[in-house]
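The values are calculated or read from the model by the stated rules, or taken from the named source; none is laboratory data. Just so we're clear, the structure is a prediction, and the values are computed from it rather than from any experiment. In this analysis, Cβ positions are derived from the backbone assuming ideal geometry, glycine residues included, and neighbour counts consider all displayed protein chains.
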Amino acid sequence: MLKKDQQNKLKGSLDRFYRDVSNALIDLTSLEVNSVIAHNISGDHPLNDQVFLQQICNDLVDWFETNKTEDNVQKPLPAECVEALSKSGKDENLGNPEVNALQDILEDVDRCLKHRGGELNAETGRKRTEYRRHLRYVQKYVQLYRSTNWNWSEKMLEGRDRNQLRKLWEMVGTAYVYAQTVVGLDGDIISRIHQQLLLSTEELGKYKAEELLQFHTRNVKAGADYRNNLMKTLVRMIGAWIGR
C-alpha cells in the first residue's frame, strides 16, 4: 500500500505525463517549417532558460536600436520602452518592481501594432513588416516571463513554453523568414515565400532563389519524416498501453 505522499507524487507524475502527451499531440497536428536568412550563427547555447530569455531580450533591444523607423512607415517603440525592455533582461531578481514595467511595454507594443501608416512602397512595406514581426516577438518575450510567475528558482520553463522559448531565441535577429510551410494532419499544406527572395537585391545577389527553395523543400521533407515517425511511435505506445 502506497503512502499518501507517494500517491500524490505518482498522481503528479501521471498528470504531467498526460499533459505532455496532450501538448505533443496538439503540436503534431500542424507541422511548421521556417527557413531563414541569418546574419550570424552561434553554436553557443545558454545553460538555463533564464539566460535564454536574457539573451532574447538583449537581441531585441539591439534590433530596435539598430532598426529605426519613421511614423509614416510604422509607429516606433518609444525609447523609454526600449530602455525598460533592456532593464528587464538584466534583473536577477524578477520580483523587483522595475519588472512590472513589462506591462507598460505590452501596452506600448499594442499601440504600435494598432498603428496604420500611409501608403508604402515595396521597400518601406518590407521594413514595416519586419518591424511588426519584432514587435510581436516582444509580446512573446513578456508572456514567457509572465509564465514563470516571476519565480526563477528553478530557472526552467515547462512544456510548450520551453518550445516557444527556443523558437523565439532562434528567430530574433534573423534577416527575415524567406520561406514557411505548414503541413496539417488533414492534408492541407500552406507555403509562404517572402517576396524578397524573388527580388534582385544586394543582400541576396549571390544566392539563387531556386537553390534556396530546394533547401527549404529538403527541410520540409526532413520535418515531415520526423513528425510521421514520432506519430507512429506514439500510436504504438498508446496501443501497447491500452492492450495491457
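Per-structure values
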item: Residue tally, condition surrounded by fewer than 19 Cβ atoms within 10 Å (Cβ to Cβ) and either farther than 25 Å from Glu107 by Cα or at pLDDT 85 or above (or both), over region 143-160; result: 7
item: Scope region 108-122; condition in a helix (DSSP H, G or I) and surrounded by 11 or more Cβ atoms within 10 Å (Cβ to Cβ); matching residues; result: Asp108, Val109, Asp110, Arg111, Cys112, Leu113
item: Filter pass, Leu135 being assigned to a loop (DSSP other than H, G, I, E, B), modelled with pLDDT of 80 or more and surrounded by 14 or more Cβ atoms within 10 Å (Cβ to Cβ); result: no
item: In region 33-64, residue modelled with the lowest pLDDT [restricted to those that are among the acidic types (Asp, Glu) and surrounded by 13 or more Cβ atoms within 10 Å (Cβ to Cβ)]; result: Asp49
item: Evaluation of Gln196 against (1) under 20 Å from Phe64 (Cβ atoms); (2) assigned to a helix (DSSP H, G or I); (3) modelled with pLDDT under 80 (one fails), failing number; result: (1)
item: Qualifying residue in region 161-183 (condition: modelled with pLDDT under 80 and in a helix (DSSP H, G or I)); result: no
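Results for (1) touching a residue at least 24 places away in the same chain (Cβ under 8 Å); (2) farther than 19 Å from Pro46 by Cβ, shown as yes or no for each residue.
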residue: Asp104; (1), (2): no, yes
residue: His115; (1), (2): yes, yes
residue: Leu120; (1), (2): yes, yes
residue: Asp161; (1), (2): no, no
residue: Trp169; (1), (2): yes, no
residue: Tyr176; (1), (2): yes, yes
residue: Val182; (1), (2): yes, yes
residue: Asp186; (1), (2): no, yes
residue: His194; (1), (2): no, yes
